[in-house]
1. Given the conditions (1) open to solvent by 40 Å² or more (accessible area, probe 1.4 Å); (2) more than 18 Å from Val26 (Cβ to Cβ); (3) in contact (Cβ under 8 Å) with a residue 40 or more places away in the chain, report the number of the one that Phe76 does not fulfil.
2. Restricting attention to region 17-31, and to residues there that are farther than 23 Å from Pro54 by Cβ and touching a residue at least 60 places away in the same chain (Cβ under 8 Å), which single residue is surrounded by the fewest Cβ atoms within 10 Å (Cβ to Cβ)?
3. Does Arg86 fit the bill of being outside any loop (DSSP other than H, G, I, E, B) and open to solvent by 30 Å² or more (accessible area, probe 1.4 Å)?
Amino acid sequence: MRILVFLFLAIQFTCSSAVTLTGRTVRVTDGDTIVILSDGNVQHKIRLQGIDAPERKQAFGTKSKEHLSDSVAGKFVIVEYGKRDRYGRVIGKVLVGGKDVCLEQIIAGFAWHYKKYQNEQTASDRQRYADAENEARDAKRGLWQDPHAIAPWDYRAAKRK
């Protein structure tokens, strides 16, 4: 019985705790995806948690990628994550010098708060990201300069049809 209780607690702890990954950014794929090189020269593809940036061919897609590149290219990052997506990418909160890069993409107006997955965020991150999107929209920063900005999830859905 003690073994079962121990296993249950170990599984609960493992499932509910975030893992930390560190490394240097070696590539920025787009406005919400980077590749880092960790110890042992292991590459990890990271999908920034809590945001969705314009696709490359979408309006502001290039600007979004450039902004993310300015923030992380060649820099040491810390990634806090708890899962991988169906493509095997780590889904995580990316930090550079203690600054939340995901949130910075929203503040600059180069990403949406990805509300479809907001329940995977802490309550405080969820609130900060939502507030940042509203502030960027009100200030017409980045993609919010376009009054008809199309959310990336809608853009992808239209492409699939």
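The values are calculated or read from the model by the stated rules, or taken from the named source; none is laboratory data. Keep in mind it's a predicted model, so treat the numbers as computed, not measured. So basically every Cβ, Gly included, is an ideal-geometry build from the backbone, and we count neighbours across all protein chains shown. Calculation scope for accessible area: heavy atoms of the full protein, side chains included, ligands and nucleic acids excluded. Shrake-Rupley method; radii C 1.70, N 1.55, O 1.52, S 1.80 Å.
1. Result: Phe76 fails condition (2) only.
2. Once the filter is applied, the top-ranked residue is Ser17.
3. no
Results for (1) among the acidic types (Asp, Glu); (2) farther than 10 Å from Gly50 by Cβ; (3) crowded, with 16+ Cβ neighbours inside 10 Å, shown as yes or no for each residue.
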{"residue": "Cys102", "(1), (2), (3)": "no, no, yes"}
{"residue": "Ile107", "(1), (2), (3)": "no, yes, yes"}
{"residue": "Asn134", "(1), (2), (3)": "no, yes, no"}
{"residue": "Lys140", "(1), (2), (3)": "no, yes, no"}
{"residue": "Pro147", "(1), (2), (3)": "no, yes, no"}
